[in-house]
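Here is the structure we will look at.
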């Protein structure tokens, strides 16, 4: 595969790249991923919340651009619901999903690598009157004691931006209580074989589904890596979960809903009627 790669993966929530930034596919480590993605989300947080905040809802739980809500998916709630449960959101952004958890009676904590996103979380806490604890941190070193939570989840949050994904999944298992629930949504891995184009060109496979080389953006003026995203196949995810002691119980591939015409990056009605854009996985930690 050539070094220059014009196709960004579909979880990309960013505007078109500036002229000084080029995209490529190349190996990067965890430190580089973290160093790039935290500041990147700090820069983009204001525009992201302005563009997508109404769709997400200030205290709403949306699993992806198709608009599938947790009320409909039921991928998160353990038997008996969330009331009285300790719940951690990894990659919480402005805390919309955590705030929804709080409205269901759960004790919600949000964690994010972006300080600016957490500032938006505090703003929405004040505006809604629904407050959640927000913590600056990373998925690979969760700053919580063992067996602290009943549920851990990530709605298009941190997991795709992490190089050391086995460490992140192991950290999730560590902070969960036996029998705890782990649920997350990601760009459907199949989408990595296609260009990130909401039109018909985005329906033509152009690269290997099995190519796990990270997608990287580099500032040509400084040589600095400014954004990184990592691809795993569905089989990779199943293996990661099983290896950390989880039993996979849920795999949802939301269909594009009738009357939904919103375009979000590479997600659109044109593509959504043909190939899945989101995968939602849920697993229980074996006692």
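The values are calculated or read from the model by the stated rules, or taken from the named source; none is laboratory data. Source: prediction; values computed, not measured. Virtual Cβ from ideal backbone geometry, glycine too; neighbours counted across all protein chains shown.
The set of residues in region 178-214 being surrounded by 24 or more Cβ atoms within 10 Å (Cβ to Cβ) and either free of Cβ contacts under 8 Å to residues at least 40 places away in the same chain or more than 25 Å from residue 264 (Cα to Cα) (or both) consists of 180, 181, 182. For residue 118, the stated conditions hold: it is crowded, with 21+ Cβ neighbours inside 10 Å and modelled with pLDDT of 95 or more. Does any residue of region 231-253 turn out to be at pLDDT 95 or above, more than 23 Å from residue 152 (Cα to Cα), in a loop (DSSP other than H, G, I, E, B) and touching a helix residue (DSSP H, G or I) at 6+ places or on another chain (Cβ under 7 Å)? No; the residues of region 231-253 include none that is at pLDDT 95 or above, more than 23 Å from residue 152 (Cα to Cα), in a loop (DSSP other than H, G, I, E, B) and touching a helix residue (DSSP H, G or I) at 6+ places or on another chain (Cβ under 7 Å).
Being over 30 Å from residue 84 (Cβ atoms), surrounded by 14 or more Cβ atoms within 10 Å (Cβ to Cβ) and under 20 Å from the mean Cα position of the chain (by Cα) narrows it down to one of 275, 169, 175, so name that one.
Residue meeting the stated conditions: 275.
Looking across 94, 50, 45, 59, one residue alone is more than 29 Å from residue 250 (Cα to Cα) and touching a helix residue (DSSP H, G or I) at 6+ places or on another chain (Cβ under 9 Å). It is 45.
Restricting region 254-272 to residues that are in contact with a strand residue (DSSP E or B) (Cβ under 9 Å, 6 or more places away or on another chain) and assigned to a loop (DSSP other than H, G, I, E, B), the residue that is surrounded by the most Cβ atoms within 10 Å (Cβ to Cβ) is 266.
Here is the figure for region 57-79: residues that are buried (at least 21 other Cβ atoms within 10 Å of the Cβ) and assigned to a helix (DSSP H, G or I) total 1.
Considered as a group, the residues in region 26-50 that are assigned to a helix (DSSP H, G or I) and more than 17 Å from the chain's Cα centre (by Cα) include one that is nearest to residue 260 (Cα to Cα), and that residue is 50. Considering only residues that are surrounded by fewer than 24 Cβ atoms within 10 Å (Cβ to Cβ) and under 17 Å from residue 127 (Cβ atoms), which ones fall in region 84-105? Correct list: 102, 103.
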